[in-house]
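First up is the structure itself, then whatever we jot down about it.
The values are calculated or read from the model by the stated rules, or taken from the named source; none is laboratory data. Since this is a predicted model, take the numbers as computed values, not measurements. Ideal geometry is used to build each Cβ from the backbone, glycine not excepted, and the neighbour counts take in all protein chains shown.
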Amino acid sequence: MNVKPDFSKNANMATTAPAFLSVWDVHAYYGESYIVQGISFNVHEGEILALLGRNGAGKTSTLRSIARLGNPQVKHGEIWLDHQPLHNMTSYEAATVGLGLVPEDRRIFAGLTVEENLKLAQIAPPVGWSIERLYELFPRLGERRNQEGVTLSGGEQQMLAIARALARDIKVLLLDEPYEGLAPVIVDEIEKTLIHIKEQGMTTVIVEQNAVRALELADRAVILDTGGIVFDGSAAEVLGNADLRAEYLAI
């Protein structure tokens, strides 16, 4: 039986409480470029973690490393989800044990309706998220169930991408720039949904350039700078620290 390592003594950890997702001393590269430089942090079950930093800080690379996408290439470190070692898995295997990544470009399947996009992703039989339950979570998708997914508005496509991830009954939702290009009213709607699924136990990691919105949503924040962690603590602490925000987030 695999046993998750005890990361509680790592200097970068904000708490000694048991972690649900643990990233420990991860180093990742794009070719010869050293992008993720020894990152360690914990995410606790039912928590929303904001992964923040300036452009080029390594946020998306960290998400891709967790999701085991192979680019960047992780050359050292461990990633554990609910006692299972993701660092030994392919991206497909990581997805089957409960990891769901919603990339910035959403990757809606062309030629398929909203419902077909959801059914293609759904495990059979669904354990937690049936198609109808997803339509209750995203009523707009229910109204457009027979519409081709790529013809939806940007906000609706983001909803579909999140719903498609949930359809696989994931344990952790990874969101890369979910608010990009969306009107504030649509961002409000998506945030209400993220709060709703958090209340039902979903664990979420969000990378977002709109740092204030992400911090207002999140429980905790990890701030990256040039591939390393410079802050790991409560989101409220970042919101209340103007010097920290100015230095690392330019806000």
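Number of residues in segment 198-235 that are assigned to a helix (DSSP H, G or I) and touching a residue at least 12 places away in the same chain (Cβ under 8 Å) equals 9.
The requirement of being in a helix (DSSP H, G or I), without any contact (Cβ under 8 Å) to a residue 40 or more places away in the chain, over 22 Å from residue 48 (Cα atoms) and not β-branched (Val, Ile, Thr) is not satisfied by residue 145. Taking residues in segment 96-111 that are free of Cβ contacts under 8 Å to residues at least 12 places away in the same chain and crowded, with 16+ Cβ neighbours inside 10 Å, and partners anywhere that are small (Gly, Ala, Ser) and assigned to a loop (DSSP other than H, G, I, E, B), not one pair has Cβ atoms closer than 9 Å while being at least 6 places apart or on different chains. Set side by side, the residues 46, 70, 77, 56 differ, and just one is on the phi > 0 side of the Ramachandran plot, in a strand (DSSP E or B) and of a type in the set (Gly, Ala, Ser), which is 77.
One residue alone among 239, 182, 249 is aliphatic (A, V, I, L, M) and closer than 23 Å to residue 141 by Cα, and that residue is 182.
Would a scan of segment 166-174 turn up a residue that is at pLDDT 95 or above, part of a helix (DSSP H, G or I) and at negative phi? Yes, the conditions are met somewhere in segment 166-174.
Only one of the listed residues (31, 58, 70) is in contact with a Ser or Thr (Cβ under 8 Å, 6 or more places away or on another chain) and without any contact (Cβ under 8 Å) to a residue 24 or more places away in the chain. That residue is 70. Can you tell me which condition residue 185 does not meet? The list is (1) among the hydrophobic types (A, V, I, L, M, F, W, C); (2) free of Cβ contacts under 8 Å to residues at least 40 places away in the same chain; (3) in a strand (DSSP E or B), and all the others hold. All conditions pass for residue 185, except number (3). For segment 11-36, taking the residues that are polar (S, T, N, Q) and surrounded by 16 or more Cβ atoms within 10 Å (Cβ to Cβ), the one that is modelled with the highest pLDDT is identified as 22. Can you tell me which residue in segment 86-119 is nearest to residue 153 (Cα to Cα), limited to those that are in a strand (DSSP E or B) and within 18 Å of the chain's Cα centre (by Cα)? Among them, the one singled out is 102.
Residue 213: surrounded by 23 or more Cβ atoms within 10 Å (Cβ to Cβ), of a type in the set (D, E, K, R) and modelled with pLDDT of 95 or more, yes or no? So residue 213 fails the test.
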